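The values are calculated or read from the model by the stated rules, or taken from the named source; none is laboratory data. Predicted model, so just to flag it, every value in this text is computed and none were measured. No Cβ is skipped: glycine too gets one built from the backbone with ideal geometry, and neighbour counts run over all protein chains shown. Ligands, DNA and RNA are stripped out before the accessible areas are found, and what is left, the full protein with its side chains, is counted by its heavy atoms. Shrake-Rupley method; radii C 1.70, N 1.55, O 1.52, S 1.80 Å.
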Amino acid sequence: MAKPNRSMLAAIGEVANESARVDEQLREVFTLLIESPYGEVISAGEDTGRLVQLCLRVAGFNRRVPDEAVEFLRTICQYIDQVRLDRNFLIHSVWEKVPDSKEHVGIRSKRPATSGRTETSEAFRWTLEQALDTAEAYRLVSQSLGQFIDGVFPGERKPRVISRHRWAEMTGAMNKLSALLMPPAAP
(Lines give C-alpha, C1' and ligand atoms only; values in the text may rest on other atoms or scores of the structure.)
Protein backbone atom coordinates (compact mmCIF):
# COMPACT_ATOMS: atom_id res chain seq x y z
CA MET A 1 0.00 0.00 0.00
CA ALA A 2 1.08 3.59 -0.58
CA LYS A 3 0.28 6.96 0.92
CA PRO A 4 -3.07 8.40 -0.17
CA ASN A 5 -2.90 10.90 -2.98
CA ARG A 6 -3.51 14.60 -2.39
CA SER A 7 -6.82 14.55 -4.25
CA MET A 8 -8.23 11.94 -1.87
CA LEU A 9 -6.95 13.83 1.17
CA ALA A 10 -8.47 17.05 -0.20
CA ALA A 11 -11.81 15.29 -0.72
CA ILE A 12 -11.75 14.01 2.86
CA GLY A 13 -11.02 17.58 3.96
CA GLU A 14 -14.02 18.80 1.94
CA VAL A 15 -16.23 16.28 3.70
CA ALA A 16 -14.94 17.49 7.08
CA ASN A 17 -15.53 21.14 6.14
CA GLU A 18 -19.01 20.62 4.72
CA SER A 19 -20.11 18.48 7.67
CA ALA A 20 -18.84 21.14 10.10
CA ARG A 21 -20.94 23.69 8.17
CA VAL A 22 -24.01 21.45 8.58
CA ASP A 23 -23.35 21.15 12.33
CA GLU A 24 -23.22 24.96 12.59
CA GLN A 25 -26.50 25.23 10.71
CA LEU A 26 -28.12 22.63 12.96
CA ARG A 27 -27.05 24.73 15.96
CA GLU A 28 -28.63 27.75 14.30
CA VAL A 29 -31.84 25.82 13.55
CA PHE A 30 -32.03 24.72 17.19
CA THR A 31 -31.39 28.29 18.38
CA LEU A 32 -34.15 29.63 16.13
CA LEU A 33 -36.57 26.87 17.10
CA ILE A 34 -36.26 27.60 20.82
CA GLU A 35 -36.30 31.35 20.07
CA SER A 36 -33.29 32.09 22.24
CA PRO A 37 -29.68 32.96 21.42
CA TYR A 38 -28.75 30.60 24.25
CA GLY A 39 -29.62 27.68 21.99
CA GLU A 40 -26.08 28.10 20.70
CA VAL A 41 -24.76 27.62 24.25
CA ILE A 42 -26.98 24.59 24.86
CA SER A 43 -25.98 22.94 21.57
CA ALA A 44 -22.28 23.84 21.67
CA GLY A 45 -20.00 20.83 21.40
CA GLU A 46 -22.78 18.40 20.53
CA ASP A 47 -22.14 15.93 17.73
CA THR A 48 -24.29 15.71 14.63
CA GLY A 49 -26.52 12.95 15.96
CA ARG A 50 -27.31 14.89 19.11
CA LEU A 51 -27.91 18.12 17.13
CA VAL A 52 -30.40 16.27 14.93
CA GLN A 53 -32.17 14.95 18.05
CA LEU A 54 -32.34 18.41 19.63
CA CYS A 55 -33.78 19.99 16.48
CA LEU A 56 -36.37 17.29 15.95
CA ARG A 57 -37.35 17.27 19.61
CA VAL A 58 -38.25 20.97 19.66
CA ALA A 59 -39.43 21.49 16.05
CA GLY A 60 -42.98 20.33 16.67
CA PHE A 61 -43.40 22.58 19.69
CA ASN A 62 -42.68 25.90 17.99
CA ARG A 63 -46.13 26.98 16.81
CA ARG A 64 -44.61 29.33 14.22
CA VAL A 65 -43.21 26.35 12.30
CA PRO A 66 -45.80 24.92 9.87
CA ASP A 67 -46.28 21.16 9.79
CA GLU A 68 -44.85 21.00 6.26
CA ALA A 69 -41.65 22.68 7.47
CA VAL A 70 -41.36 20.23 10.35
CA GLU A 71 -41.67 17.37 7.85
CA PHE A 72 -39.07 19.02 5.59
CA LEU A 73 -36.69 19.27 8.57
CA ARG A 74 -37.41 15.64 9.48
CA THR A 75 -36.54 14.59 5.89
CA ILE A 76 -33.30 16.57 6.01
CA CYS A 77 -32.38 14.97 9.35
CA GLN A 78 -33.09 11.46 8.05
CA TYR A 79 -30.77 12.16 5.12
CA ILE A 80 -28.10 13.47 7.52
CA ASP A 81 -28.31 10.19 9.44
CA GLN A 82 -27.63 8.30 6.20
CA VAL A 83 -24.68 10.35 4.94
CA ARG A 84 -22.99 10.77 8.29
CA LEU A 85 -22.04 7.08 8.34
CA ASP A 86 -19.89 7.67 5.24
CA ARG A 87 -18.61 10.94 6.71
CA ASN A 88 -17.55 9.26 9.93
CA PHE A 89 -15.76 6.49 8.09
CA LEU A 90 -13.96 8.94 5.78
CA ILE A 91 -12.82 11.24 8.55
CA HIS A 92 -11.94 8.70 11.22
CA SER A 93 -10.05 6.23 9.06
CA VAL A 94 -6.40 5.86 8.18
CA TRP A 95 -6.12 5.97 4.39
CA GLU A 96 -3.77 4.18 2.02
CA LYS A 97 -3.69 4.07 -1.77
CA VAL A 98 -4.15 0.76 -3.54
CA PRO A 99 -1.19 0.44 -5.97
CA ASP A 100 -2.09 0.62 -9.67
CA SER A 101 -5.69 1.54 -8.85
CA LYS A 102 -7.87 4.60 -8.38
CA GLU A 103 -9.07 3.17 -5.09
CA HIS A 104 -7.98 3.88 -1.56
CA VAL A 105 -8.48 1.73 1.50
CA GLY A 106 -9.70 3.25 4.72
CA ILE A 107 -8.99 1.37 7.92
CA ARG A 108 -10.86 2.41 11.03
CA SER A 109 -10.35 1.07 14.51
CA LYS A 110 -13.41 -0.11 16.35
CA ARG A 111 -14.17 -0.66 19.98
CA PRO A 112 -14.80 -4.38 20.29
CA ALA A 113 -15.66 -4.10 23.98
CA THR A 114 -18.59 -1.76 23.29
CA SER A 115 -19.71 -2.97 19.89
CA GLY A 116 -20.17 -6.59 20.90
CA ARG A 117 -18.04 -7.71 17.97
CA THR A 118 -14.71 -9.42 17.94
CA GLU A 119 -13.15 -7.34 15.14
CA THR A 120 -10.83 -4.52 16.15
CA SER A 121 -11.03 -2.64 12.85
CA GLU A 122 -12.91 -2.39 9.60
CA ALA A 123 -11.64 -1.60 6.13
CA PHE A 124 -13.39 -0.42 2.97
CA ARG A 125 -12.29 0.55 -0.50
CA TRP A 126 -13.20 4.05 -1.66
CA THR A 127 -12.64 6.04 -4.79
CA LEU A 128 -12.05 9.76 -5.00
CA GLU A 129 -15.45 10.12 -6.68
CA GLN A 130 -17.20 8.46 -3.72
CA ALA A 131 -15.52 10.83 -1.29
CA LEU A 132 -16.47 13.82 -3.46
CA ASP A 133 -20.05 12.53 -3.62
CA THR A 134 -20.15 12.54 0.18
CA ALA A 135 -18.93 16.15 0.26
CA GLU A 136 -21.62 17.05 -2.31
CA ALA A 137 -24.27 15.31 -0.20
CA TYR A 138 -23.31 17.55 2.72
CA ARG A 139 -23.46 20.63 0.47
CA LEU A 140 -27.02 19.66 -0.47
CA VAL A 141 -27.91 19.21 3.20
CA SER A 142 -26.44 22.64 3.92
CA GLN A 143 -28.53 24.20 1.13
CA SER A 144 -31.66 22.48 2.43
CA LEU A 145 -31.04 23.68 5.98
CA GLY A 146 -30.54 27.19 4.59
CA GLN A 147 -33.89 26.91 2.79
CA PHE A 148 -35.54 25.78 6.03
CA ILE A 149 -34.05 28.69 7.98
CA ASP A 150 -34.89 31.31 5.35
CA GLY A 151 -38.36 29.90 4.74
CA VAL A 152 -39.44 29.59 8.36
CA PHE A 153 -37.40 32.35 10.00
CA PRO A 154 -36.84 34.99 7.30
CA GLY A 155 -34.51 37.73 8.49
CA GLU A 156 -34.27 36.28 11.99
CA ARG A 157 -30.74 34.96 12.12
CA LYS A 158 -29.59 34.93 15.74
CA PRO A 159 -26.35 36.70 16.67
CA ARG A 160 -23.55 34.56 18.03
CA VAL A 161 -23.40 34.38 21.79
CA ILE A 162 -19.98 35.46 23.05
CA SER A 163 -18.78 35.30 26.65
CA ARG A 164 -18.47 38.60 28.50
CA HIS A 165 -14.70 38.23 28.71
CA ARG A 166 -14.31 37.59 24.96
CA TRP A 167 -16.76 40.40 24.17
CA ALA A 168 -14.67 42.84 26.22
CA GLU A 169 -11.48 41.68 24.44
CA MET A 170 -13.09 42.00 21.03
CA THR A 171 -14.57 45.42 21.81
CA GLY A 172 -11.20 46.67 23.11
CA ALA A 173 -9.43 45.46 19.99
CA MET A 174 -12.01 47.11 17.72
CA ASN A 175 -11.72 50.38 19.66
CA LYS A 176 -7.91 50.34 19.22
CA LEU A 177 -8.28 49.60 15.53
CA SER A 178 -10.83 52.40 15.11
CA ALA A 179 -8.49 54.83 16.86
CA LEU A 180 -5.71 53.93 14.43
CA LEU A 181 -7.90 54.19 11.35
CA MET A 182 -9.86 57.28 12.34
CA PRO A 183 -7.81 60.41 12.96
CA PRO A 184 -8.97 62.59 15.84
CA ALA A 185 -11.54 65.22 14.89
CA ALA A 186 -10.18 68.68 14.17
CA PRO A 187 -10.91 71.26 16.91
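General remarks:
- The residues listed here are 30, 61; of these, the one that is under 18 Å from residue 142 (Cα atoms) and of a type in the set (Phe, Trp, Tyr) is 30.
- Whenever a residue of segment 65-77 is free of Cβ contacts under 8 Å to residues at least 60 places away in the same chain and within 11 Å of residue 55 (Cβ to Cβ), its partners that are assigned to a helix (DSSP H, G or I) and open to solvent by 10 Å² or more (accessible area, probe 1.4 Å), lying with C-beta atoms within less than 9 angstrom and at least six residues away or across chains, give the pairs 70/56; 74/56; 77/53; 77/56.
Per-residue answers, yes or no, for (1) more than 17 Å from residue 79 (Cβ to Cβ); (2) open to solvent by 60 Å² or more (accessible area, probe 1.4 Å); (3) within 9 Å of the chain's Cα centre (by Cα):
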| site | (1), (2), (3) |
| --- | --- |
| 12 | yes, no, no |
| 15 | no, no, no |
| 22 | no, no, yes |
| 30 | yes, no, no |
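- Test: residue in segment 94-112 that is open to solvent by less than 20 Å² (accessible area, probe 1.4 Å), in contact (Cβ under 8 Å) with a residue 60 or more places away in the chain and touching an Asp or Glu at 6+ places or on another chain (Cβ under 8 Å): yes
- Residue selected from segment 114-169 under the condition of a type in the set (Phe, Trp, Tyr) and modelled with pLDDT of 95 or more, by the criterion farthest from the chain's Cα centre (by Cα): 148
- Exclusive hit being assigned to a helix (DSSP H, G or I), free of Cβ contacts under 8 Å to residues at least 12 places away in the same chain and either open to solvent by 20 Å² or more (accessible area, probe 1.4 Å) or not small (Gly, Ala, Ser) (or both), set 85, 56: 85
- The number of residues in segment 1-53 being among the small types (Gly, Ala, Ser), assigned to a helix (DSSP H, G or I) and either free of Cβ contacts under 8 Å to residues at least 40 places away in the same chain or within 18 Å of residue 134 (Cα to Cα) (or both) comes to 9.
- Restricting attention to segment 122-148, the residues that are assigned to a helix (DSSP H, G or I), closer than 27 Å to residue 3 by Cα and not aromatic (Phe, Trp, Tyr) add up to 10.
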